[in-house]
Amino acid sequence: MAGFDRRPLLEIRQPERGYRFSIDSVLLAGFAAPFCRGAVLDLGTGCGVLLLLLSRLARDMDSGTGVELQGELLSFARENFRDNGLEGRLRAVQGDFRREIARIPPETFDLVVSNPPYGRAGRGRRNPDPGKETARHEVSCSLPELFAAARRFLAPGGRFALILPAGRLPDIEASAGRERMGGAVLRPVHPREGAPRHRVLYCASRGGVGASRELPPLYVHGDREKYAPEVERVCRLFRAGRQEAER
């Protein structure tokens, strides 16, 4: 994961109720930062946290665009970009990325990232909160549709990075294969040392070839319930007095 940025800490606002970003966004930002350059697209940006973190972690990132379907989350993303002085560098666009979106031309992004819904449609209990259900379960977008969108927006040789439960790795690899993405780098994520993996970080390139390469595991927690130093370095980017402020 990337190192610590000494610029002013980020202030990240998100809804008081409904979907709120989790540690997965932090883990994905740290993992994706070394692959981040040029123009970056976030599919399902939520309140914009992933692009905000990448703007601090990746020096070679020129610009970022977040696509969000839900109007309330889109408003938070735009405010977060503006309030952190990044309105000219980051932007948020409302739309369904499964379809064409005005002002977002295909094949123009060097990196696409996503912290997608992690539950398959029809599996488990439905969430009574519409926002949470859309963000956490594949009710508006399936994994194959997500990979198809990523490939459509990626420039040749561009990369797609995401995080999902470890049990979905076969689904990830199948979707990547269908979209001719390869040369993957993956990293298993464990709650702590000795615990089974519960997430997987995955990055493949459009038109890439070759077998997947697995990085050493990432442990989220170190001693007791504290975050491991590698994770804590990214969390510090937004741990200000108004951390995760609500309105």
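The values are calculated or read from the model by the stated rules, or taken from the named source; none is laboratory data. Every value quoted in this text rests on a predicted model; they were computed, and no experiment measured them. Please note: Cβ atoms are built from the backbone with ideal geometry, for glycine as well, and neighbour counts cover all protein chains shown. Note: areas computed on protein heavy atoms with side chains; ligands, DNA, RNA excluded. Shrake-Rupley method; radii C 1.70, N 1.55, O 1.52, S 1.80 Å.
Checked against the criterion of being open to solvent by less than 60 Å² (accessible area, probe 1.4 Å) and within 17 Å of SER25 (Cα to Cα), the candidates VAL185, VAL200 yield just one match: VAL200.
Yes or no, residue by residue, for (1) over 25 Å from TYR227 (Cα atoms); (2) touching a residue at least 60 places away in the same chain (Cβ under 8 Å):
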| position | (1), (2) |
| --- | --- |
| TYR19 | no, yes |
| ALA29 | no, yes |
| CYS36 | no, yes |
| ALA39 | yes, yes |
| THR45 | no, no |
| SER55 | no, no |
| GLY66 | yes, no |
| ARG82 | yes, no |
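Check whether at least one residue in region 195-206 is of a type outside the set (Lys, Arg) and over 19 Å from the mean Cα position of the chain (by Cα), and report yes or no. Yes. Remark: pairs (first residue in region 161-174, under 22 Å from ASP110 (Cβ atoms); second residue of a type in the set (Val, Ile, Thr) and crowded, with 17+ Cβ neighbours inside 10 Å; Cβ separation under 6 Å; 6+ apart in sequence or on different chains) = ALA161/VAL113. Checked against the criteria, ARG168 counts as among the charged types (D, E, K, R), surrounded by fewer than 23 Cβ atoms within 10 Å (Cβ to Cβ), at pLDDT 95 or above and within 30 Å of LEU218 (Cα to Cα). Of all residues in region 11-66, those satisfying the criterion of being within 19 Å of ARG82 (Cβ to Cβ) and surrounded by fewer than 23 Cβ atoms within 10 Å (Cβ to Cβ) are GLU11, ARG13, GLN14, PRO15, PHE21, MET61, ASP62, SER63, THR65. Condition test on ARG13, is it closer than 17 Å to PHE238 by Cβ and out of contact with any Phe, Trp or Tyr (no Cβ under 8 Å at 6 or more places or on another chain)? No.
Quick check: is even one residue across region 108-115 at pLDDT 95 or above, within 11 Å of GLY44 (Cα to Cα) and open to solvent by 20 Å² or more (accessible area, probe 1.4 Å)? Yes, some residue in region 108-115 is at pLDDT 95 or above, within 11 Å of GLY44 (Cα to Cα) and open to solvent by 20 Å² or more (accessible area, probe 1.4 Å).
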